[in-house]
There are 2 protein chains.
Amino acid sequence: MSAHPRLSLNQATIKYADLAEALAATVTAGYESIGLWREPVQAAGLSRSIRLVEDSGLRVSSLCRGGFFTMEESPARRSSIDDNRRAIAEAHALGAPALVLVAGGLPDGSRDLVGARERVRDAIAELADDAAAARVTLTIEPLHPMYVSDRAVISTLGQALDIAEQFPLGVVGAVVDTFHVWWDPQLLAQIERAAGRIASYQVCDWATPLPADVLLGRHYPGDGVIDFASITAAVEAAGYAGDVEVEIFNQQIWDAPYDEVAARTRDSFAAVVAPHLS
Amino acid sequence: MSAHPRLSLNQATIKYADLAEALAATVTAGYESIGLWREPVQAAGLSRSIRLVEDSGLRVSSLCRGGFFTMEESPARRSSIDDNRRAIAEAHALGAPALVLVAGGLPDGSRDLVGARERVRDAIAELADDAAAARVTLTIEPLHPMYVSDRAVISTLGQALDIAEQFPLGVVGAVVDTFHVWWDPQLLAQIERAAGRIASYQVCDWATPLPADVLLGRHYPGDGVIDFASITAAVEAAGYAGDVEVEIFNQQIWDAPYDEVAARTRDSFAAVVAPHLS
């Protein structure tokens with residue numbers, strides 16, 4: 001059975017697969033695209049990763065992830081900027097149009113959310129020329145507000161766009177990840193505002209209760225309460241025509257066989273997301 | 001040692017105390033005000049509760065809680081509206097100026113957040129005359145977005161104000177609870193907008209990681225990452241001159257002796273919140 005032509009399997013959904021295993025499971029389940037993470041790419045080596053991806057015939061929808069640059073000026077901040085430059089180069093080499101950026105949380109001991117958010121913007125300004133030269137879009141991912149202290153001080157699509165709009169189209173954009181933004185009363189209006197800025201659309205579902213580790217409370221599309229119809233239609237109307245990734249952090253899914261997960265992801269996407277793609 | 005004259009101990013902070021015990025602990029620790037919950041009031045009986053409160057000499061800063069009216073028209077919805085009318089009467093009888101309303105989550109099986117939010121507004125419209133007659137402010141509490149599916153479809157102060165502003169000043173207002181709204185990039189602007197609409201200010205802190213039950217991840221002010229200086233100054237500048245409640249849901253704090261909790265709450269408030277009250 002073939003997958004929807006725009007469906008991409010984000011590698012984090014089969015977290016324990018190495019790159020070769022992830023590519024194989026994705027091809028076997030009939031996908032045309034995969035979203036990669038830097039850690040398994042580095043484990044395989046960049047040159048070998050490029051060959052493996054070419055041999056697979058898959059597109060690379062995005063590379064996860066850069067970011068984590070909320071700290072004040074320091075050697076740690078320089079190190080983060082340098083690492084993000086390497087991530088841009090890796091995305092370019094792998095043919096990924098988007099480098100997903102997770103902002104980072106409050107620095108240790110800090111209560112200054114406003115300052116941390118300004119430093120995200122400043123870091124992106126440092127990286128924009130490299131990204132433009134590499135034709136890789138720096139793609140800011142708003143994370144759910146429950147992660148604001150420890151993961152990402154950018155919580156809404158509106159915030160991501162406030163930063164992205166300071167840079168040229170194609171250089172800085174935003175992720176719409178249903179899990180992170182579905183609750184936002186301004187979501188549909190912000191997606192409309194985001195025309196030309198959506199550089200990645202990621203889908204997974206939200207179910208209650210959250211598990212003990214709130215990072216892992218994500219589910220196959222259709223297994224929770226998110227209305228994929230309205231969000232997907234809005235993303236389409238905003239002109240996004242790229243691949244749609246399914247990215248699920250869920251211990252049970254991580255523990256299942258990769259082929260089974262890839263197939264079930266493909267089928268749940270076909271049932272509840274694909275009907276709303278044009 | 002006396003407490004700050006505007007400090008109020010929300011009864012949920014010493015959840016296992018009955019009403020008499022809660023009043024005693026609050027008086028012993030030198031407070032002038034308490035925030036009550038309906039369950040312990042009902043357990044004591046309303047008439048006896050009124051006498052106990054009068055005998056304590058404490059003010060009642062608010063009554064928690066009404067709301068939970070996101071369901072479609074049905075006997076269950078009628079039952080909820082009736083129960084909210086009783087809550088208004090109880091708040092009036094106890095001398096509480098504010099009835100705190102938690103909206104309720106998505107109805108079972110529903111993915112229609114927009115509709116659920118509209119029904120919150122409609123329910124408040126049904127209750128507004130009763131509230132005005134009782135001189136009790138219907139006080140909408142935005143809850144953190146992590147509760148949107150199961151507790152409250154109202155997630156931001158902006159949403160609460162969008163509803164409140166459809167009704168006269170004093171009839172419908174909003175809670176600012178630091179735990180729920182501290183992450184919001186629009187918070188300070190929305191607090192400024194809320195002039196005359198803030199009917200309750202509640203403080204407690206956020207710390208990471210969240211516990212297994214995300215309802216219980218609240219802490220004494222100062223033990224987490226929230227900047228009480230900027231938020232408290234903004235609430236003051238918006239003209240709020242009422243009591244300030246400390247409401248902490250935390251299993252360890254619930255398991256501690258009531259007098260110890262009341263004293264530690266008083267002292268943490270004195271250290272990190274009171275300096276920012278005029």
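In the list A:ALA194, A:ALA237, A:ALA229, which residue meets the criterion of being under 23 Å from A:VAL153 (Cα atoms) and either more than 15 Å from the chain's Cα centre (by Cα) or among the charged types (D, E, K, R) (or both)?
Working: A:ALA237 fails: under 23 Å from A:VAL153 (Cα atoms); A:ALA229 fails: under 23 Å from A:VAL153 (Cα atoms).
Step by step, each of A:ALA194, A:ALA237, A:ALA229 is checked, and only A:ALA194 is under 23 Å from A:VAL153 (Cα atoms) and either more than 15 Å from the chain's Cα centre (by Cα) or among the charged types (D, E, K, R) (or both).
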Checklist outcome for this item: Over the range A:171-190, the set of residues more than 14 Å from every other protein chain (Cβ to nearest Cβ) and not in a strand (DSSP E or B) is A:VAL171
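Can you tell me which residue in the range B:116-143 is most open to solvent (accessible area, probe 1.4 Å), limited to those that are farther than 20 Å from B:MET71 by Cβ and in a helix (DSSP H, G or I)? Spell out the reasoning first.
Quick first cut of the range B:116-143, residues farther than 20 Å from B:MET71 by Cβ only: B:129, B:131-137, B:139.
The next check asks that each one be in a helix (DSSP H, G or I); those that pass are B:129, B:131-134.
Values: B:ASP129: 122, B:ALA131: 1, B:ALA132: 50, B:ALA133: 82, B:ALA134: 17 Å².
Out of the qualifying residues, it is B:ASP129.
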Checklist entry - Which one of B:LEU23, B:LEU63 is closer than 19 Å to B:THR265 by Cβ and modelled with pLDDT of 95 or more? => result B:LEU23
Checklist entry - Which condition number in (1) touching a Ser or Thr at 6+ places or on another chain (Cβ under 9 Å); (2) within 14 Å of chain B (Cβ to nearest Cβ) is the one that A:THR139 fails? => result (2)
Item to check | Residue list for the range B:162-183, restricted to those being open to solvent by 10 Å² or more (accessible area, probe 1.4 Å) and under 16 Å from A:SER155 (Cβ atoms) | outcome: B:TRP182
Next on the checklist: Looking only at the range A:116-136, count every residue that is within 11 Å of chain B (Cβ to nearest Cβ) and farther than 21 Å from A:GLU72 by Cα and tell me the total.
Outcome noted: 0
Item to check | Condition broken by A:SER200, with the remaining ones in (1) open to solvent by 20 Å² or more (accessible area, probe 1.4 Å); (2) of a type in the set (S, T, N, Q); (3) at pLDDT 95 or above satisfied | outcome: (1)
Checklist outcome for this item: Sole miss for A:LEU113 among (1) more than 14 Å from chain B (Cβ to nearest Cβ); (2) open to solvent by 10 Å² or more (accessible area, probe 1.4 Å); (3) in contact with a Phe, Trp or Tyr (Cβ under 9 Å, 6 or more places away or on another chain) is condition (1)
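Looking only at the range B:99-110, filter to residues that are surrounded by fewer than 24 Cβ atoms within 10 Å (Cβ to Cβ) and under 23 Å from B:GLN202 (Cα atoms); which one of those is nearest to the other protein chains (Cβ to nearest Cβ)? Explain how you work it out, then say what you get.
Filtering the range B:99-110 down to residues surrounded by fewer than 24 Cβ atoms within 10 Å (Cβ to Cβ) leaves B:102, B:104-110.
Checking the rest, the ones that are also under 23 Å from B:GLN202 (Cα atoms) come to B:102, B:104-105.
Values: B:VAL102: 15, B:GLY104: 13, B:GLY105: 8 Å.
So the residue we want is B:GLY105.
Go through the range A:203-251 and count every residue that is open to solvent by 40 Å² or more (accessible area, probe 1.4 Å) and either part of a helix (DSSP H, G or I) or facing chain B (nearest Cβ under 9 Å) (or both). Talk me through it step by step, then tell me what you get.
Of all residues in the range A:203-251, those open to solvent by 40 Å² or more (accessible area, probe 1.4 Å) come to A:208-209, A:211-213, A:219, A:223, A:227, A:230, A:233, A:237, A:239, A:241, A:251.
Okay, now just the ones that are also either part of a helix (DSSP H, G or I) or facing chain B (nearest Cβ under 9 Å) (or both), so A:208-209, A:211-213, A:227, A:230, A:233, A:237, A:251.
Residues flagged as open to solvent by 40 Å² or more (accessible area, probe 1.4 Å) and either part of a helix (DSSP H, G or I) or facing chain B (nearest Cβ under 9 Å) (or both) within the range A:203-251 amount to 10.
Which residues, counting only those in the range A:97-109, are more than 15 Å from A:ILE140 (Cα to Cα) and not acidic (Asp, Glu)?
Of the residues in the range A:97-109, the ones more than 15 Å from A:ILE140 (Cα to Cα) are A:106-109.
The answer is A:LEU106, A:PRO107, A:GLY109.
Return a yes/no flag: does the range B:56-68 have any residue that is over 22 Å from B:ALA199 (Cβ atoms) and assigned to a helix (DSSP H, G or I). Outline the logic, then answer.
Here is the first cut: in the range B:56-68, the ones over 22 Å from B:ALA199 (Cβ atoms) are B:56-57.
So of that shortlist, the ones also assigned to a helix (DSSP H, G or I) come out as B:56.
Yes; the residues of the range B:56-68 include at least one that is over 22 Å from B:ALA199 (Cβ atoms) and assigned to a helix (DSSP H, G or I).
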Checklist outcome for this item: Counted residues in the range A:144-161 being open to solvent by less than 10 Å² (accessible area, probe 1.4 Å), more than 8 Å from chain B (Cβ to nearest Cβ) and in a loop (DSSP other than H, G, I, E, B) come to 2
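Quick one: which residue in B:GLU72, B:GLU90, B:GLU32 is modelled with pLDDT of 95 or more and exposed (fewer than 15 other Cβ atoms within 10 Å of the Cβ)?
Working: B:GLU90 fails: exposed (fewer than 15 other Cβ atoms within 10 Å of the Cβ); B:GLU32 fails: exposed (fewer than 15 other Cβ atoms within 10 Å of the Cβ).
Testing whether each residue is modelled with pLDDT of 95 or more and exposed (fewer than 15 other Cβ atoms within 10 Å of the Cβ) leaves just B:GLU72.
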Next on the checklist: Cβ-Cβ under 6 Å, sequence separation 6+ or interchain: first residue in the range B:224-250 and on the phi > 0 side of the Ramachandran plot, partner open to solvent by 30 Å² or more (accessible area, probe 1.4 Å). Which pairs?
Outcome noted: B:GLY239/B:ALA195
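The values are calculated or read from the model by the stated rules, or taken from the named source; none is laboratory data. Because the structure is predicted, anything quoted here is derived from the model rather than measured. Positions of Cβ are backbone-derived with ideal geometry, glycine not excepted, and every protein chain shown enters the neighbour counts. Accessible surface areas use protein heavy atoms only, side chains included; no ligands, DNA or RNA. Shrake-Rupley method; radii C 1.70, N 1.55, O 1.52, S 1.80 Å.
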